[in-house]
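To keep things clear, I will list the structure first and then write my remarks on it.
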Amino acid sequence: LPGMQSSGSKPCPCPSFKLREVASMYFTMIAVFLVILVVALQGSAPRRSDFPYKVPLDPQGMLELSWNVSYPEQVVHFQLLVRDLRFGLLFGMSDRGEFENADLAVLWSDGHSSYFGDAWSDAQGQLHMDSQQDYQLLGARRAPEGLYLLFRRAFSTCDPKDYLIEDGTVHLIYGILEKPVHSLQAINISALHRGLQRVQLLKPNITVPELPSNMKTMEITAPNVVIPSQETTYWCYMIELPDHFPKHHIIMYEPVITAGNEALVHHMEVFQCAAEFDSFPHYNGPCDSKMKPDRLNYCRHVLAAWAMGAQAFYYPKEAGLAFGGPGSSRYLRLEIHYHNPLVFKGRHDSSGIRLYYTATLRRYDAGIMELGLVYTPVMAIPPGEDAFILTGYCTDKCSRLALPAAGIRIFASQLHTHLAGRKVVTVLSRDGRERQVVNADGHYSPHFQEIRMLKELVAVFPGDELITTCTYNTEDRSRATVGGFGILEEMCVNYVHYYPQTQLELCKSAVDPGYLHRYFNLVNRFNDEEVCTCPQVSVPQQFFSVPWNSFNRDVLKSLYGFAPISMHCNKSSAVRFPGEWEKQPLPTITERLPEPVPRCPPAPGPRPAAPVPLDLGQLRR
């Protein structure tokens, strides 16, 4: 190597390097060499098995993201397929899909030379090169279908400009550069063709259980629907199981997506109808149509749920979800959410869900239990709130009465709010001490709801408490948002999937109505505008009449934090377990779980805040 001398030669006049500097230079040279080597490769696409998770980023499917997760390394590896590369693109993450205050990987070209770098945007949307380059380019290669970019990113970088990748929803953003730019700072974000996609990046690393040889499949799919030429459609289709269909266990399900519609089918659910009705009318049309029979509203028992980016869902080897047999309705409702922002016309679709089931019943029936808040207007959020918190309880009294001595095991969870929901978390508490997070989503979106398998089973025993907390944003609303079924009303629910199935189907709470009545009386005493508390005025009307000054807001927050609750400890028949459930005290929590501390990766050698040059050839003008 240049600069190295034999033992008999004269001393080298070159400057003296410290060992750390030499090592840093060496690894930097190796990294640059690997980037140049991989970037220069032209060939076939990487193997599908290397990146098991995949989602289209844009409605046209021109950008396709695949990824894998390494929990030992605490790293996500990304593969981005760009089918029609022009002059570059932006890819990144932000709190709720904004392009301001975003963490970005940027590929750009001036028409001759191309560059890749880690950047961030400020509150005005101006791009800046990050002083810490944490999107690490691993390679780029051209294939017949387009350009593949491979890069990696640690979950946590401890860089204040970077997004912390956590469990739950991640809002991915993208932008396409259609003209050459001479520098990163010259990119005008507002002028880009851009969008967002929501995914769960940190998929659980679960061993797939062995499936039985006598397994059967059933495809519940839309009957060649013409997707309406509007941005959002919920489509409902009724299916009827054969007569005398015996009890089976669903042990797995997966999506069936019509080829070409991968970017339009946003999420799907299969519901079983209430067994109390002998028959349900057939229907095939928009779920919000006035032609939809009202009886379809009694088809609410979730059998399967899928959202874009989700993989197949497997039940634990000990359990399966029962359907068919006595006491089980033969009628199912498929609901598909089509997201068609480009308003494509004439697209036909036969997507749906494929159920895998067996007549050889597993040891346990799986059950679904509702946690959180009762659907009632007594729980309300004032207007203009950026982070208002409501909490629902499944108390020790209910779990002690309804759960078996050996407890239950929660293996999956589906969080649910309406449009104002921003965060949801359920925590297991035992003897007044928080023990474990059941499921949490700090970037929750009501537009992305899926049943998520948990990374580990959560054991719940008699006497345990399950506390579900939702955070809401009502900054865009001028009057109070009350709890209820309407889309502009709110919910706070965690549907937990567990085994063995018990009679307990709903374990939820709401503030005691008498204490809320006292709140309205207090508002009248301290405000000029009077809230009518007479019996003929409904609770929503009373909330709508409250003048929302800081005093009335703070008192309502305090009320929800100390007032006794009405507990709903319900069997599947919607009948409460025997006992006294009104004016129950709030659970006392004496010890909270510590806030998780992000794990910072080892500090690398000095890396300049400079983009990596790429040889991608002459890009298309």
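The values are calculated or read from the model by the stated rules, or taken from the named source; none is laboratory data. Since this is a predicted model, take the numbers as computed values, not measurements. Cβ coordinates were reconstructed from backbone atoms using ideal geometry, including for glycine residues, and neighbour counts include every protein chain displayed. Keep in mind that these areas ignore ligands, DNA and RNA; they rest on the heavy atoms of the full protein, side chains included. Shrake-Rupley method; radii C 1.70, N 1.55, O 1.52, S 1.80 Å.
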Next on the checklist: Could you tell me how many of the residues in the stretch 485-505 are open to solvent by less than 30 Å² (accessible area, probe 1.4 Å) and outside any loop (DSSP other than H, G, I, E, B)?
Outcome noted: 8
Checklist outcome for this item: Expected output for the stretch 195-220 (first residue touching a residue at least 40 places away in the same chain (Cβ under 8 Å), partner open to solvent by 70 Å² or more (accessible area, probe 1.4 Å) and not β-branched (V, I, T), Cβ below 7 Å, 6+ apart or cross-chain) is R198/H447; L202/D167; P204/K455; P209/K317
Checklist entry - Does any residue in the stretch 353-377 that is on the phi > 0 side of the Ramachandran plot come within less than 8 Å, Cβ to Cβ, of a residue that is aliphatic (A, V, I, L, M) six or more places away or on a different chain, and which pairs are these? => result G372/M491; G372/V493
Item to check | Unmet criterion (only one of (1) among the hydroxyl-bearing types (S, T, Y); (2) more than 30 Å from G92 (Cβ to Cβ); (3) more than 23 Å from the chain's Cα centre (by Cα); (4) surrounded by fewer than 18 Cβ atoms within 10 Å (Cβ to Cβ)) for S183 | outcome: (2)
Checklist entry - So which residues in the stretch 90-115 are open to solvent by less than 10 Å² (accessible area, probe 1.4 Å) and in contact with a helix residue (DSSP H, G or I) (Cβ under 9 Å, 6 or more places away or on another chain)? => result L90, A102, V106
Checklist entry - Do we find a residue being in contact (Cβ under 8 Å) with a residue 40 or more places away in the chain, open to solvent by less than 10 Å² (accessible area, probe 1.4 Å) and more than 13 Å from the chain's Cα centre (by Cα) anywhere in the stretch 451-459? => result yes
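Filter the stretch 384-410 for residues that are under 27 Å from S445 (Cβ atoms) and open to solvent by 10 Å² or more (accessible area, probe 1.4 Å) and give the result. Lay out the reasoning, then the answer.
First pass over the stretch 384-410, keeping only residues under 27 Å from S445 (Cβ atoms): 384-394, 410.
Listed by number, the residues that qualify are G384, E385, D386, A387, I389, T391, Y393.
Which one of these is assigned to a strand (DSSP E or B), within 28 Å of F271 (Cβ to Cβ) and open to solvent by 10 Å² or more (accessible area, probe 1.4 Å): T426, T471?
Working: T426 fails: open to solvent by 10 Å² or more (accessible area, probe 1.4 Å).
The unique qualifying residue is T471.
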Item to check | Odd one out for C158, checked against (1) at pLDDT 95 or above; (2) open to solvent by 50 Å² or more (accessible area, probe 1.4 Å) | outcome: (1)
